[in-house]
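Novice: Before anything else, here's the structure in question.
The values are calculated or read from the model by the stated rules, or taken from the named source; none is laboratory data. Not measured: the values here are computed from a predicted model. When we count neighbours, we look across all protein chains shown, and the Cβ atoms used for this are built from the backbone with ideal geometry, even at glycine.
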Amino acid sequence: MEPTHLPSKKKFDHKINLINDTLVCRNHIDIPHAQKEEIERHVEVLLTTGFIKESTSSYASPLVLVKKKDDS
């Protein structure tokens, strides 16, 4: 089921404070092509519906894909 609205506003926005403007770098993990396509499809839907927006952050977000009971 696709989200239909944004969560309620919080008292504080999330912020990552950098020490000396230094980024923490970790190696990325390669994912199978089919999973990459699925992620891109979901991100495109969320962008077009306005549920998310483009980010200018130097950080990436962790992502977890979980199979549904019907194996989709």
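Novice: Looking at this structure, is Glu44 out of contact with any helix residue (DSSP H, G or I) (no Cβ under 7 Å at 6 or more places or on another chain), surrounded by 10 or more Cβ atoms within 10 Å (Cβ to Cβ) and either modelled with pLDDT of 85 or more or in a loop (DSSP other than H, G, I, E, B) (or both)? Working first, answer last.
Specialist: Values: out of contact with any helix residue (DSSP H, G or I) (no Cβ under 7 Å at 6 or more places or on another chain): yes; surrounded by 10 or more Cβ atoms within 10 Å (Cβ to Cβ): yes; either modelled with pLDDT of 85 or more or in a loop (DSSP other than H, G, I, E, B) (or both): yes.
Against the criterion (out of contact with any helix residue (DSSP H, G or I) (no Cβ under 7 Å at 6 or more places or on another chain), surrounded by 10 or more Cβ atoms within 10 Å (Cβ to Cβ) and either modelled with pLDDT of 85 or more or in a loop (DSSP other than H, G, I, E, B) (or both)), Glu44 qualifies.
Novice: Ok, one more. Contact list please: Cβ distance under 7 Å, first residue in the range 1-21 and part of a loop (DSSP other than H, G, I, E, B), second residue surrounded by 10 or more Cβ atoms within 10 Å (Cβ to Cβ) and modelled with pLDDT of 75 or more, pairs at least six apart or on different chains.
Specialist: Glu2/Val45; Pro3/Phe51; Leu6/Phe51
Novice: Moving to a separate point now. Only residues that are more than 12 Å from Glu2 (Cα to Cα), among the hydrophobic types (A, V, I, L, M, F, W, C) and at pLDDT 75 or above: list them for the range 48-62, please.
Specialist: Hit for the range 48-62 is Ile52, nothing else.
Novice: Continuing with this model, one more query. For the range 1-33, name all the residues that are among the acidic types (Asp, Glu) and at pLDDT 75 or above. Steps first, please.
Specialist: Filtering the range 1-33 for residues among the acidic types (Asp, Glu) gives 2, 13, 21, 30.
Answer for the range 1-33, where residues must be among the acidic types (Asp, Glu) and at pLDDT 75 or above: just Asp30.
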